[in-house]
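Contents: one structure, followed by commentary.
Computed from the coordinates by the stated procedures, all read-outs in this text should not be read as laboratory data. From a predicted model like this one, the values you see are computed outputs, not experimental measurements. Here the Cβ positions follow ideal geometry from the backbone for every residue, glycine too, while neighbour counts run over all protein chains shown.
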Amino acid sequence: MKNIATLIAIVVISSFGFAQNGAKIQFKTTDNTIDYGTISKKNDTGIRSIEFTNTGDAPLIISNVLSTSGFTISSKPAASIAPGKTGKFEIKYNMVSGPIRKTITVESNAVNYDSGRIPLKIKGEVIAD
């Protein structure tokens, strides 16, 4: 019985070593997807603001935001985001008529994503006026 209690104590204590400490990023969008919906060139600028929160216990650093063709990164945080604080960056789509199926990659020091690289899916459709 004493051996079982010791084994359980070791397992519980060692599980704390697997907890991830550091910056963690959580986006306000569902499934890390930015949905433009159906938009018109005439009535939409193509600019979207993407908000996120640092849910970790260390400052979050957004080192780069990589876009695919058709998108421009208008702004990204220059300073680190403190734990519990929010940040944002802006993207702009060039408003080519047709479906939008793109990915933007955010590079950071977030420990809750492999290598701190977060893919954001972008979808929608631009209709001709």
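In table form, for the structure just shown:
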item	result
Set Lys28/Lys76; Lys85/Lys123; Lys28/Lys92; Lys42/Lys76; Lys24/Lys76 screened for pairs whose C-alpha atoms are more than 21 Å apart	Lys85/Lys123; Lys42/Lys76
Three principal axis lengths of region 22-127 [C-alpha, angstrom, descending]	43, 22, 21
Net charge of Cβ neighbours under 15 Å - reference Lys121; Lys, Arg +1; Asp, Glu -1	+3
Region 22-127: antiparallel DSSP beta bridges as a percent of all, rounded to 5	85
Amide H contacts of Glu125 (H built 1.01 Å from N, under 5 Å, at least 5 apart or other chain)	Gly37, Thr38, Ile39, Ile100
Environment charge at Arg48 (Cβ cut-off 11 Å; Lys +1, Arg +1, Asp -1, Glu -1)	-2
Proximal aspartates and glutamates to Lys121, defined as alpha-carbon separation beneath 13 angstrom and excluding residues fewer than eight positions away on the same chain	Asp31, Asp35
